[in-house]
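Novice: Below you will find the structure I want to go over with you.
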Amino acid sequence: MATTTCFLLGVKCSTNNRPVNFAVGHLKTALSTAVKPMIGEMGIATLKSEASKAIKMAPLSILNTLVDSIFQFVDQPMLPSQANFAPVDEIGGPVKVNCSHGEIPEDFPEGVFVRNGSNPLFGGLKSTVSVFGKTDSIWIEGEGMLHALYVTKDAEGNWTVSYNNRFVETETYKMETERKRPCFLPAVEGDPAATLASSFFNMLRFGEVNKIMSNTNVFEHGGKYYSIAENYVPQEIDLVSLATYGNWNLNGAWSRPFTSHPKKVPGTGELVMMGFEPMKPYCVMGVISVDGKELIHKFDLQLDHCSICHEVGVTKQYNVLIDSMLTLSKERVIKGGQLFKYEREKDARIAVIPRYGDADSIKWFHIERCCTYHLLNSFEDGDEVVVRGCKANAAIIPGPGWGENKFEWFSKGFNFKTGDSGNRNGHGMTEEGMLFTRVREWRLNLETMEVKEKDITGTEYSMDFPMINADFIGLKHQYGYTQVIDSLASSKSAKTKYGGLAKLYFEVKVEEQDTNGEQNIKTEYHWLPKNNFCTGSAFVAKPEAIDEDDGWIITFAHDEDTNKSYVLVIDAKKFCDEPTAKINLPQRVPYGHHGSFFAST
């Protein structure tokens, strides 16, 4: 009778069903009594080494039987208020759609508006329970799904609009769909022993600790288009069919995670990116050639920790990175802590780096403690580098630091009192909480190393997911746009919902002063109807624009009362007016992450 040895446990497992079941029983006992403390003592290198040895010794079928016996997948419950975070199926191909209100402007560019977002397989996010404890998937962990709106003109100048959606078919997506049921164990959040055991078995079976999400953004470089989430390299996609071609690793020159928000350098068109991961080197930055074929510069920032740096900034001469207070640490998990931690005692700082610099050339500017995921822009202004981003006092990811009850920590984050704000959607705020997000400006003097920083938007509305006219990335700009959080709806659903959009006038100050005696910038709002929320907004410039704000904001939106989704086109110069066009969609589009518009060439 053929047998194989599980190296980790020293237990022989038969390939016949009855002996396998008998062996699994012994393995479960061994895992609960021997492996649990042993994992706590293991280092990451040891974990990988043991996984490599064990996978050579044990057939995959036995490993799958073992894991299926030990770990039980359970659905994470969803409330009615969370219904539009639930996944949808692929629609199967492009479907023509029409405007229900207004019309697409004649001078709107032909192109594709595409939004990425989490769309978990098998009905939704999962948790697992096992002898080690419980693990949970967090809200950013579903597989990536692309939602695309195609806007084209026929020979007579008439608009044709169609919609399509499709999964990003990563390597791990293919693994799970082939099995037709969940197989990747959640390994980010949960009991430390359970997350370590899940990491070990994922590595053992699939060669990856976590699945490849590719659910955050879509970007273009060198005439090609890529889907990305920052736990892996980008996947090239076909923007017409939404097919996935494969991984982009620059011919092997880049083999680590890749930021969700790389930036093109103004003037040269080179692409600046970086990647962070919770093992040395913690953060590496790179510059990619204009044609996307070569990694022309790469260096290690030589950090002694791993911060979550969601976005990189650029100016004409410099690269910009915010090292804030949200960190990742596998060593912390081994010692019984969480992978994610918002370190309140850690200093926050901004790195300004010459384009082709190294760790020794970095100028570090210490700033007030904060958590910043998204940058509006960065640019040079005399001796200063100006950085603008969305800043909160605590991290919204992943949340368990405030307790397992997500509603509890969301309510703490949006600690507010409602007031009569004069708008239709009850967004009014008179008190900011830990998750309340304002636009902040940091002015960094490269000669004196002085830092001047201040919030430039008021405390009435919380805002995030910023965007600008892409022609002004890395350059001084007058305008910016954000999505506006409906704090009441977000608190009730324990997930962020955006009930409107804001236009920011950086060179226009309001007369009133805030509580710190500062003048805020002028801000205009475009509110959606009650119980309507937007996602994945983008700025679309007019093909022959004269002013920076010549263009439109385009966004996916959803009506929770009718359960219908649609796309809005809003004139950026008439921001508070009714939308220029409303385009109904053939099926529901779940709330997601970032959107991009790519004009046809």
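Novice: May I ask you to give the solvent-accessible area per residue for the range 178-280, in square angstrom, as obtained with a 1.4 angstrom probe?
Specialist: On a per-residue basis, 32 Å².
Novice: On to the next question. If each of ALA83 and ALA545 carries a label point 7 Å out from its Cα toward its Cβ, how far apart are those two points in nm?
Specialist: Simple spin-label model gives 3.7 nm for this pair.
Novice: Ok, one more. At a 1.4 Å probe, what is the % contribution of carbon and sulfur to the accessible area of the range 446-575? The partial results should precede the final answer.
Specialist: Numbers: 2280 of 5250 Å².
After summing per-atom areas, the C and S share lands at 43 percent.
Novice: Quick one: accessible area per residue over the range 75-163, 1.4 Å probe, rounded to a whole number of Å²? Intermediate values should be presented prior to the final figure.
Specialist: Working: 3850 Å² over 89 residues.
Accessible surface, normalised per residue, equals 43 Å².
Novice: Assuming R0 = 41 Å, what is the FRET efficiency of ARG355 and GLU511, from their Cβ-Cβ distance, to the nearest 0.05?
Specialist: 0.50
Novice: For the pair LYS346 and THR177, how long in nm is the line joining their label points, each one 7 Å along Cα→Cβ?
Specialist: 3.6
Novice: Relative to the present Cα-Cα distance, how much length would full extension add between GLU518 and GLU450 at 0.36 nm per residue of separation?
Specialist: The span from GLU518 to GLU450 would gain 22.6 nm if fully extended.
Novice: Continuing with this model, one more query. What fraction, in whole percent, of alpha-carbon pairs in the range 203-352 exceed 28 Å separation?
Specialist: For the range 203-352, the share of Cα pairs beyond 28 Å comes to 21 percent.
Novice: Hey, another quick one. Could you order the peptides 378-384, 144-150 from most to least packed, using the average number of other C-beta atoms within 10 Å per residue?
Specialist: 144-150, 378-384
Novice: Also, I was wondering about something else. Filter LYS134/LYS174; LYS224/LYS530; LYS263/LYS522; LYS263/LYS391; LYS174/LYS391 down to the pairs with a C-alpha to C-alpha distance above 30 Å, please.
Specialist: From the list (LYS134/LYS174; LYS224/LYS530; LYS263/LYS522; LYS263/LYS391; LYS174/LYS391), the Cα-Cα distance tops 30 Å for LYS224/LYS530; LYS174/LYS391.
Novice: Please compute the Kirkwood hydrodynamic radius over the range 120-255, one decimal place, Å, based on all pairs of different Cα atoms.
Specialist: One over the average 1/r among Cα pairs gives 16.6 Å for the range 120-255.
Novice: Counting only heavy atoms of protein chains, what accessible area per residue, in Å², does the range 491-601 have with a probe of 1.4 Å?
Specialist: That works out to 43 Å² for each residue.
Novice: Quick one: net charge of ALA148's neighbours, Cβ under 9 Å, K/R +1, D/E -1?
Specialist: Taking every Cβ under 9 Å from that of ALA148, the sum is +2.
Novice: Something else about it: Treat each spin label as a single point 7 Å out from the Cα along the C-beta direction, and report the SER241 to ARG588 distance in nm.
Specialist: Label-label distance for SER241 and ARG588, simple model: 3.0 nm.
Novice: Work out, step by step, the length gained on full extension between LYS574 and GLU103: first 0.36 nm times the residue separation, then minus their alpha carbon distance; give nm to one decimal.
Specialist: Between LYS574 and GLU103, full extension yields an extra 168.0 nm.
Novice: ASP561: accessible area at probe 1.4 Å, nearest 10 Å²?
Specialist: Accessible area of ASP561: about 110 Å².
Novice: Can you give me the Cα centroid spacing of the range 519-547 and the range 355-384 in angstrom?
Specialist: Between the Cα centres of the range 519-547 and the range 355-384 lies a distance of 26 Å.
The values are calculated or read from the model by the stated rules, or taken from the named source; none is laboratory data. Just so we're clear, the structure is a prediction, and the values are computed from it rather than from any experiment. As a convention, Cβ positions derive from the backbone with ideal geometry for all residues, glycine included, and neighbour counts pool all protein chains shown. Heads up: the accessible areas ignore ligands, DNA and RNA and are worked out on the full protein's heavy atoms, side chains in. Shrake-Rupley method; radii C 1.70, N 1.55, O 1.52, S 1.80 Å.
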